[in-house]
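Single-structure report; data block below.
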Amino acid sequence: MSQLNSRKLQRLLIIYSASGLFSLSAIVAAASIFPFSQQLKKNEERHLQLMLNSRTRTVDEFLLRAKDVALQITSRTRGRQLLEGYNKGEIERQETTEFTEKILTDALERTEDAIGITRLDNRENPIARVGRSIPKQFWQIPSQQSQNARVSNPIELENNPYIIIGAPIINPQSRERVGTDIVLFKVDSLQQIIQNYTRSGETGEIILGTVDRDRVEIFFPKQDATEETLLDRDRAIRKAVEGQQTGLLRGKTRQSFAFEPVRETQWGLVAKVDDRKLYAVVNRQIKTVTIAIIFVSLLGTVGTILLIRPLTGKAIVGVDKLKKQVREKTFALQKLKQTQVQLIQQEKMATLGQLVAGVAHEINNPISFIYGNIDHARNHVEDLKNLIELYQHYYPQPESTIQENLEEIELEFIVEDLSNIFNSMEMGSERIRKIVLSLRNFSRLDEANMKKVDINEGLQSTLMILKSQCKATRDRPEIEIVTQYGKLPAIDCYPSLLNQVFLNLISNAIDAIEEKYQLEKYQFQKQSPIIKIVTEERHSKWIIIQIEDNGIGIEREVREKLFEPFFTTKTLGQGTGLGLSIAYSIIVEQHGGQLSCQSQPGEGCKFIIEIPIRQVSRSECDRVEEMEAIGTIPLS
């Protein structure tokens, strides 16, 4: 068995050491990988933002190029002069229209993206149209004070997207507007710029949109999506358009939205990417690093096991012998400590017993004198009463002085009250004699050895001692004592020690009731404080004593330490923590019985004492306890 314990300990040391090393490696790896992964994710997010920024610059360049084309068309001098003459009425409309159409047709042929031009005079009436016709509702006419071209939002004509630029025709000398060119541009190249986003894979896309009348409008691409995705997309576009912000928004559907405004427009560009695709490279790198760290940790753990195994074998050679020595020393130390505590308590109880016995003896002598002479005093008083009645019979008319004295002292009341006085003196003397007898029975200085006694008598003597503590106080009502004494045989025991156990348990019950009443007065309005004591014989071998109260109860954690020496829940100065420990020692060790506790917090407590009717020899009990403590016989 010793060899088996050593091997088990060796295995445990190896397992714990290897587990500790591996856990430490895992913690260090996690602490290192986490910031590393966060940095890699930030890099991916930065790359996404840079990609969107490059797309935004490309869109800016496209719009700037379109504006330049429109402004070049308006800057042709001959066309502007012809329009100025028409505005002044110097040139006919037909001539102006024919010549203007030639100029606009030439301009239209020189650009790839422009597919239609409409020129307006200074009263915004059309003068000439070339290429595709532009509906009037889409005309983008700059304000009279503006000399810059105006760009429209993308529109659809026959299911094809276009943008319209309104460019003012300005006289360079007077800086007055003489007309406006409305130019229609294809946006095929703009769509190609936006949709050319291969980095996002199948789950990513670039979205161009704006906010019009507090409503988000998507130019392209127009795709269906979940409601949560649409909400996140619209939030990103609003931040770009209304807030003119650049940043990254994390959606509720594990998608990220990078957003950035387009300069000199009310457009916003958003890059939507699935988080799994965005961080795919990062996740692969983290997995690779994690696998490498686990592999290194396993190698280190195996090496540690190979190193520790022979060392642990040498370290635990004498572990069984050491454990046996520790067990024996611990048992001896516990016995010594318990003996010291018991000697101290027994000395205190012996001193208290001597004091109680002395007081009882000093009280018993005078009270016996008083109690023994009550009958004689009653007889003498009866004789005097008879003598007075004879005087009253033969001398019914006494002297006036005697008559006045009789009336003053109220002789008839004295004669009647003397009987009550003697009855009260006899009752009080009897009560004092019973108290003295209870004190003598409780102390039992003449019964220090094991004797056959009546348990019920010891309980009743203890209750007589504690009767004053059960009376009603200013803070609580009287504690009701309920006794159910069974018919018990005289048992072998140490009477004074058992009385000490009863005193400790009943005193604790009173304290528990007082504590509960202080905390929960309303509880006892429906339930009076009660201590119930029940005794019974069981199987003709055991005496069972139950002491139950409806006090504050005991927590489970406290019950586990209840019988340990010096353990107490009372405040400093109110308890030593020895009462229940000594009670347990008296019942279990000195009487071969059992002491247990049953309790629920707030519902009271019940202590159960089990004592054998016949005691085995003390030497036999000590030998069995010692063998159990050092592990030489199995414990039941």
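The values are calculated or read from the model by the stated rules, or taken from the named source; none is laboratory data. None of these values were measured; they are calculated from a predicted model. Here Cβ is always computed from backbone atoms with ideal geometry, including for glycine, and neighbour counts include all displayed protein chains. Side chains included, ligands, DNA and RNA excluded: accessible areas come from the protein's heavy atoms. Shrake-Rupley method; radii C 1.70, N 1.55, O 1.52, S 1.80 Å.
Here ALA128, ALA149 are screened, and the one residue that is under 21 Å from VAL59 (Cβ atoms) and touching a strand residue (DSSP E or B) at 6+ places or on another chain (Cβ under 7 Å) is ALA149.
Count of the range 263-318 residues, restricted to those that are at pLDDT 80 or above, of a type in the set (Lys, Arg), surrounded by fewer than 15 Cβ atoms within 10 Å (Cβ to Cβ) and more than 30 Å from LEU64 (Cα to Cα), is 3. The set of residues in the range 467-510 that are of a type in the set (Ser, Thr, Tyr) and under 40 Å from the mean Cα position of the chain (by Cα) contains only SER507.
Condition first: touching a residue at least 60 places away in the same chain (Cβ under 8 Å), not β-branched (Val, Ile, Thr) and not in a loop (DSSP other than H, G, I, E, B). Now tell me which residues in the range 472-504 satisfy that. If the condition is that a residue be touching a residue at least 60 places away in the same chain (Cβ under 8 Å), not β-branched (Val, Ile, Thr) and not in a loop (DSSP other than H, G, I, E, B), then ASP492, CYS493, SER496, LEU497, LEU498, GLN500, LEU503, ASN504 are the ones that fit.
Do we find a residue being under 21 Å from ARG474 (Cβ atoms) and modelled with pLDDT of 80 or more anywhere in the range 563-582? The answer is no, given that none of the residues of the range 563-582 is under 21 Å from ARG474 (Cβ atoms) and modelled with pLDDT of 80 or more. Scanning the range 144-169 for residues that are open to solvent by 70 Å² or more (accessible area, probe 1.4 Å) and outside any strand (DSSP E or B) gives GLN144, GLN145, GLN147, ASN148, GLU158, ASN159. Being at pLDDT 85 or above, among the polar types (S, T, N, Q) and open to solvent by less than 70 Å² (accessible area, probe 1.4 Å) is true of ASN504.
Summed over the range 580-596, the residues that are within 12 Å of PRO565 (Cβ to Cβ) and open to solvent by 30 Å² or more (accessible area, probe 1.4 Å) give a count of 1.
Looking across the range 532-565 at every residue that is basic (Lys, Arg) and in a strand (DSSP E or B), the one that is most open to solvent (accessible area, probe 1.4 Å) is identified as ARG538. Here the range 225-238 is the region considered, the condition is being aliphatic (A, V, I, L, M), open to solvent by less than 80 Å² (accessible area, probe 1.4 Å) and in a helix (DSSP H, G or I), and the residue that is farthest from LEU208 (Cα to Cα) is LEU230. Cβ separations smaller than 9 Å between residues 6+ apart or across chains give the following pairs from the range 97-120 residues that are in contact (Cβ under 8 Å) with a residue 60 or more places away in the chain to residues that are of a type in the set (Ser, Thr, Tyr) and open to solvent by 60 Å² or more (accessible area, probe 1.4 Å): GLY116/SER133; THR118/SER133. Among the conditions (1) closer than 30 Å to ILE127 by Cα; (2) open to solvent by 40 Å² or more (accessible area, probe 1.4 Å); (3) part of a helix (DSSP H, G or I); (4) not hydroxyl-bearing (Ser, Thr, Tyr), ILE103 misses just one, which is (2). Within the range 1-12, the set of residues being open to solvent by less than 100 Å² (accessible area, probe 1.4 Å) and modelled with pLDDT of 70 or more comprises LEU12 only.
Residue-wise test of (1) out of contact with any His (no Cβ under 6 Å at 6 or more places or on another chain); (2) modelled with pLDDT of 90 or more; (3) buried (at least 17 other Cβ atoms within 10 Å of the Cβ).
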| position | (1), (2), (3) |
| --- | --- |
| PHE413 | yes, no, no |
| LEU418 | yes, no, no |
| SER424 | yes, no, no |
| SER438 | yes, no, yes |
| LYS451 | yes, no, no |
| LYS467 | yes, no, no |
| CYS470 | yes, no, yes |
| GLU480 | yes, yes, no |
| ILE491 | yes, yes, yes |
